[in-house]
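Enquirer: I am attaching a structure below and will ask some questions about it afterwards.
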Amino acid sequence: MIVIINVHFIFLPNFYSKVKLPSQMKQTVVIIILLAFLVAPGCKKYEEYPPEPRIEFMDFLLLRDAQGIDQRGVLKFSFTDGDGNIGLYDSDSLPPFDYNLFIRYFEQQNGSFKEVFLISSRYINDTTLVYDTATFNGRIPILTPAGKNKSISGEIEDTLFVNNPLSPYDTIMFEVFIRDRDLNESNVIQTPPIVVKKR
């Protein structure tokens with residue numbers, strides 16, 4: 001984490017030069033002013049957020065491959081959480097702690113968006129082909145800060161596949177929400193329509 005502190009000094013040269021103070025007292029005044037500027041940021045009140053997570057869409061950036069085809073895209077959104085209990089441990093693997101980032105995929109078909117469940121194939125024992133429903137859901141790692149104040153805010157980026165080879169439709173959309181460790185769900189956000197270059 002990089003902390004940037006901006007300190008603005010306001011000099012009042014006319015006032016300071018007209019005040020008749022002994023030299024040692026002037027040095028003391030300067031030190032007190034400097035200390036006030038350095039201590040003031042530490043007295044800053046922390047941001048407070050509700051205990052339920054909240055998210056806000058920021059951007060979606062398509063990534064083209066060497067052939068100029070859109071294969072993936074980067075979803076970017078911001079979040080806040082008042083008690084900072086967002087995240088899964090590596091050992092979390094069973095529901096409801098298997099995922100905490102939930103993403104639904106939609107395609108614009110005949111003028112309206114319809115949710116589409118993507119199918120992925122895999123082989124069992126190198127001979128039997130089986131099909132599974134692919135998921136865009138993901139896992140956000142533990143983000144809880146150390147210390148007394150647990151309120152957190154930040155940004156999350158997730159790279160998603162956007163080119164469905166089994167579909168002729170080229171306009172897609174995603175719906176997203178997150179869940180904290182108390183199983184509080186955030187609001188749902190949507191991307192704007194995304195036009196994918198498929199060929």
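The values are calculated or read from the model by the stated rules, or taken from the named source; none is laboratory data. Since we're looking at a predicted model, the values are computed, not measured. Quick reminder, even Gly has a Cβ in these numbers, built from the backbone with ideal geometry, and neighbours come from all protein chains shown.
Enquirer: Within segment 99-111, track down each residue that is in contact (Cβ under 8 Å) with a residue 24 or more places away in the chain and in a loop (DSSP other than H, G, I, E, B).
Expert: Hits for segment 99-111 are Y99, N100.
Enquirer: Also, quick follow-up: Answer yes if at least one residue in segment 155-165 is modelled with pLDDT of 95 or more, surrounded by 10 or more Cβ atoms within 10 Å (Cβ to Cβ) and aromatic (F, W, Y), and no otherwise.
Expert: No, there is no match, as no residue in segment 155-165 is modelled with pLDDT of 95 or more, surrounded by 10 or more Cβ atoms within 10 Å (Cβ to Cβ) and aromatic (F, W, Y).
Enquirer: Still on this structure, please answer the following. Do you know which of the residues in segment 67-91 that are of a type in the set (V, I, T) and surrounded by fewer than 18 Cβ atoms within 10 Å (Cβ to Cβ) is farthest from the chain's Cα centre (by Cα)?
Expert: Taking the candidates together, the pick is I69.
Enquirer: Let me ask something else. How many residues are more than 22 Å from P96 (Cα to Cα) and in a loop (DSSP other than H, G, I, E, B) when one looks only at segment 143-196?
Expert: Qualifying residue count for the region: 20.
Enquirer: Please indicate, with yes or no, whether at least one residue in segment 112-131 is within 24 Å of E52 (Cα to Cα) and of a type outside the set (F, W, Y).
Expert: No, there is no match, as no residue in segment 112-131 is within 24 Å of E52 (Cα to Cα) and of a type outside the set (F, W, Y).
Enquirer: With respect to L94, is the statement that it is among the aliphatic types (A, V, I, L, M), surrounded by 15 or more Cβ atoms within 10 Å (Cβ to Cβ) and in the same structural domain as S186 (by TED's automatic domain parsing) true?
Expert: no
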